[in-house]
Amino acid sequence: MIQLVVGMPPTSNFAGRDIVSVRDLSRSEIDHILDMAEAMEPLAKIGSDMLHGKIMATLFYEPSTRTKLSFESAMTRLGGTALGFAETKGTSVEKGENLADTVRVVENYADVLVVRHPLEGAARMAAEFSRVPVINAGSGAEEHPTQALLDLYTIKKELGAIDGISIGLIGDLRYGRTVHSLAYALAKYKVRLVLISPEILRMRKEVLEEVSKKIDVEETTSLQQHLKELDVIYMTRVQKERFGDLAEYEKVKGSYRLTSDELARAKKSSIVMHPLPRVDEIDSSVDSTSHAKYFPQVGNGVVLRMGLLGLVFGAI
Amino acid sequence: MIQLVVGMPPTSNFAGRDIVSVRDLSRSEIDHILDMAEAMEPLAKIGSDMLHGKIMATLFYEPSTRTKLSFESAMTRLGGTALGFAETKGTSVEKGENLADTVRVVENYADVLVVRHPLEGAARMAAEFSRVPVINAGSGAEEHPTQALLDLYTIKKELGAIDGISIGLIGDLRYGRTVHSLAYALAKYKVRLVLISPEILRMRKEVLEEVSKKIDVEETTSLQQHLKELDVIYMTRVQKERFGDLAEYEKVKGSYRLTSDELARAKKSSIVMHPLPRVDEIDSSVDSTSHAKYFPQVGNGVVLRMGLLGLVFGAI
Amino acid sequence: MIQLVVGMPPTSNFAGRDIVSVRDLSRSEIDHILDMAEAMEPLAKIGSDMLHGKIMATLFYEPSTRTKLSFESAMTRLGGTALGFAETKGTSVEKGENLADTVRVVENYADVLVVRHPLEGAARMAAEFSRVPVINAGSGAEEHPTQALLDLYTIKKELGAIDGISIGLIGDLRYGRTVHSLAYALAKYKVRLVLISPEILRMRKEVLEEVSKKIDVEETTSLQQHLKELDVIYMTRVQKERFGDLAEYEKVKGSYRLTSDELARAKKSSIVMHPLPRVDEIDSSVDSTSHAKYFPQVGNGVVLRMGLLGLVFGAI
């Protein structure tokens, strides 16, 4: 096992712990995870045998190649092995097996379970039945803790700190689990949150209420008006399918689309993030600007998950 | 390579051998495999590099996530690597390739082939064409040798011995390959076999005839009447699709369903097993009783397959 | 890292290089790759840790179990790990992501990308966007460089040399990417090429033109007439779907089918190759003749890819 020397002792013991929601984590715990991610940066390049002999099972009840590959890459970089399923077709789930049984079966094959599920609360339930730690890789419309953590890590890495920034969440704030988890996580810091979306895709009420109690939140429909004040421009897809009225979609589409021309009006130090895949909400002209951080954000996801796996396995 | 010290020299040489049917194995060979499984118990926890550099290919012509993951976990715990396909969609099989050709291709990619196939005799045919050892992971309605072996291992581990027990096979004894392979395997021991099923799902005649020659077998439709005498209560799914007459299904369904209340009448030391997935033939109230061994049975599958892989590779 | 001693210094530096087309490679570079494949032969048996800690991502936009498993086996034999996707279903591609974005995401998960794509030029485009090396595993109808290289390696291994031989490419020379890549590769050697196909499946004009400039090429519809002169009989599938007129298909089918009887008229030293899967263009009676090299050809694919990976990673 490679010894990582970090500045201070862990603020809490992560070994064997489930990671179900960012809401379960204190700010100091999140800070500790981000520190561990940073410590993983060199290992992401040279590899490590920290988790040699350990097995991670991915239980993906909903397809997500990106998240699955990111976890697999993280596990592999630490010397461990990944196995599992990427969809429920062909699995015992099709034969009528419930999640609790599947968990009690698969925990025999692995040392940690990474669960993705379309239903709210599924990861929590899996964690309750599993003897081995469960990491939530997205469940229902609210929770995607590792995405929120990698977003925080990207902000900290690019801007130096999270406290003190203005962050705009832009696009579909109603259905995207990413922005919900991220809003909950940001509420643990001293940030200003600008929620920018079409009327019908406004941030869910329950998220808005909880987050508003802790930090300064503004809701608006105009990206143009707020672009100048933002340190982080967090874009998301606005999907046609969300609109009952296609005329309405055509109307709003253009105003949640970012181009390099528009970015000329943004803060020079501001960064553009996106959970990806994008369709056309970020024009390819943005890619070559210094603002574009959505591809490095993907690499940050690997080191963040390496840090989290290292912690959950008690290896760091 | 980790050296395992075992009580006595192998009763037969397994290195390079195909594992197609339990009927090919003598009792002393089965006992040796069970001993090897036991020797693998610590390695299933700490891992091993016994098969470092070795590759296992899974050729699954019929989906079975559970069996596939179990083999992959076993191979990984021994330091080896797994690759292969989980369904025939997208493979050369779709382009019209026959099994013999596929085997002669895939043997170039791996050191052992694990084959699952809907047709009787497919694993035997694969073994004939392959230069590397073939392990049958289920073929046709009759053969699933590693399941039968892990069932025996579970019985021995939980009850101390296989000889002398009364075992009830309950539910669908006609279509389930698991109970067929298990019956053949049990016939090599001194056990009493109680076959409990609806009329239309009675044990296949050819299995019944062969097994009856060797051990005491009783056929019955009543679980209730025999529950008290059983040391092993081996449940299986009774699938609605098997019944032409749904009224008939509704009638029998309840009588092959196990609850904790009913289990109160069973021997205190009796164990409940199931190849899983279950649907509702074992009530969840049974899960917390000391009888329930169907989840540990899954873990036993991993160590059993570790033992078998170790033997086939000549590594132990 | 295992040190391989080879006869002469590399004729060019492959470390970090993309392998998109055989047309990008000089003859001396190809010779060097073939030498590296040969050097890999012992490692294919005993394994190696040369690429320990390295990750290969397979991006297969078109299913090909065989090529995917061959690359995975090669990577595993060198101690590396493979991850990726085997079809676009369930991936971000379905959500509308373009290839350039997918590449810039997945390069964060791996150290080399292996790309298979139905469109001409896709691998080239992937290589342009990727920071890590890209290996083309088949793109469009023209390029399948690793297949062409393993074909050359098979010829050299079986016949001792490539220069001086007569090779017949037989069957579908119009749609098969394999024969196109192979023809380009052969044109770098001193060979005589006999193109044998039905009228409507003649070699593509652009390939024919380029290759004819460099080597002696003959086009014909008769396998029978040329069988005797060939050192390499390279068979391919003639697919029914390619024919508008089924009567036409039935007419030609028989004449591109090889049996052991017919092979009696071939050179004793001649070899039969096939990219596989075959359907019935090579009769199973050929399998047991000394001519049959299509199954060893598969194994040659693994060592060739090991050599290529070793070179691209700068490990040899």
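The values are calculated or read from the model by the stated rules, or taken from the named source; none is laboratory data. Bear in mind the structure is a predicted one, so any value in this text is a computation, not a measurement. Every residue, glycine as well, gets a Cβ built from its backbone with ideal geometry; the counts of neighbours run over all protein chains shown.
Scanning the stretch C:125-150 for residues that are within 12 Å of C:HIS180 (Cα to Cα), assigned to a loop (DSSP other than H, G, I, E, B) and not acidic (Asp, Glu) yields a total of 3. Whenever a residue of the stretch C:29-51 is touching a residue at least 24 places away in the same chain (Cβ under 8 Å) and closer than 21 Å to C:GLY160 by Cβ, its partners that are part of a helix (DSSP H, G or I) and hydroxyl-bearing (Ser, Thr, Tyr), lying with C-beta atoms within less than 8 angstrom and at least six residues away or across chains, give the pairs C:LEU34/C:TYR153; C:ALA37/C:TYR153; C:GLU38/C:TYR153. Can you confirm whether the stretch C:267-275 contains a residue that is over 17 Å from C:GLY176 (Cα atoms) and in contact (Cβ under 8 Å) with a residue 60 or more places away in the chain? Yes; the residues of the stretch C:267-275 include at least one that is over 17 Å from C:GLY176 (Cα atoms) and in contact (Cβ under 8 Å) with a residue 60 or more places away in the chain. The single residue among C:LYS213, C:LYS228, C:LYS205, C:LYS240 that is among the charged types (D, E, K, R) and within 16 Å of C:SER166 (Cα to Cα) turns out to be C:LYS228. Considering only residues that are without any contact (Cβ under 8 Å) to a residue 40 or more places away in the chain, of a type in the set (Gly, Ala, Ser) and buried (at least 21 other Cβ atoms within 10 Å of the Cβ), which ones fall in the stretch C:159-186? C:ALA183 - this is the single residue of the stretch C:159-186 that is without any contact (Cβ under 8 Å) to a residue 40 or more places away in the chain, of a type in the set (Gly, Ala, Ser) and buried (at least 21 other Cβ atoms within 10 Å of the Cβ).
Out of C:LYS190, C:LYS251, which single residue is of a type in the set (Lys, Arg) and without any contact (Cβ under 8 Å) to a residue 24 or more places away in the chain? Sole residue among the options that is of a type in the set (Lys, Arg) and without any contact (Cβ under 8 Å) to a residue 24 or more places away in the chain: C:LYS251. Considered as a group, the residues in the stretch C:93-127 that are acidic (Asp, Glu), more than 15 Å from C:GLU142 (Cα to Cα) and more than 8 Å from chain A (Cβ to nearest Cβ) include one that is farthest from the chain's Cα centre (by Cα), and that residue is C:GLU94. Inspect the stretch B:60-80 for any residue being within 18 Å of B:VAL20 (Cβ to Cβ), facing chain C (nearest Cβ under 10 Å) and not hydrophobic (A, V, I, L, M, F, W, C) and give the result as yes or no. Checked the stretch B:60-80: no residue is within 18 Å of B:VAL20 (Cβ to Cβ), facing chain C (nearest Cβ under 10 Å) and not hydrophobic (A, V, I, L, M, F, W, C). On the given criteria, is C:GLU219 outside any helix (DSSP H, G or I) and either crowded, with 21+ Cβ neighbours inside 10 Å or at pLDDT 95 or above (or both)? Yes: the conditions hold for C:GLU219. When C:GLY79 is tested against (1) within 22 Å of the chain's Cα centre (by Cα); (2) buried (at least 17 other Cβ atoms within 10 Å of the Cβ); (3) at pLDDT 95 or above; (4) among the small types (Gly, Ala, Ser), just one condition goes unmet, and that condition is (1).
With respect to the conditions (1) outside the structural domain of C:HIS274 (by TED's automatic domain parsing); (2) part of a helix (DSSP H, G or I), C:GLU97 falls short on a single one, namely (2).
Select from the stretch C:40-50 the residues that are under 25 Å from C:SER181 (Cβ atoms) and crowded, with 19+ Cβ neighbours inside 10 Å and write down the one among them that is farthest from the other protein chains (Cβ to nearest Cβ). It comes out as C:MET40. Screening C:LEU169, C:LEU113 for residues that are touching a strand residue (DSSP E or B) at 6+ places or on another chain (Cβ under 7 Å), assigned to a strand (DSSP E or B) and over 23 Å from C:GLU62 (Cα atoms) leaves exactly one candidate, C:LEU169. Among the criteria (1) among the hydrophobic types (A, V, I, L, M, F, W, C); (2) farther than 14 Å from A:PHE313 by Cα; (3) within 14 Å of chain B (Cβ to nearest Cβ), the one A:ILE55 does not fulfil is (2). B:ARG124 satisfies every condition listed in (1) modelled with pLDDT of 95 or more; (2) surrounded by fewer than 22 Cβ atoms within 10 Å (Cβ to Cβ); (3) in contact with a helix residue (DSSP H, G or I) (Cβ under 6 Å, 6 or more places away or on another chain) except (3).
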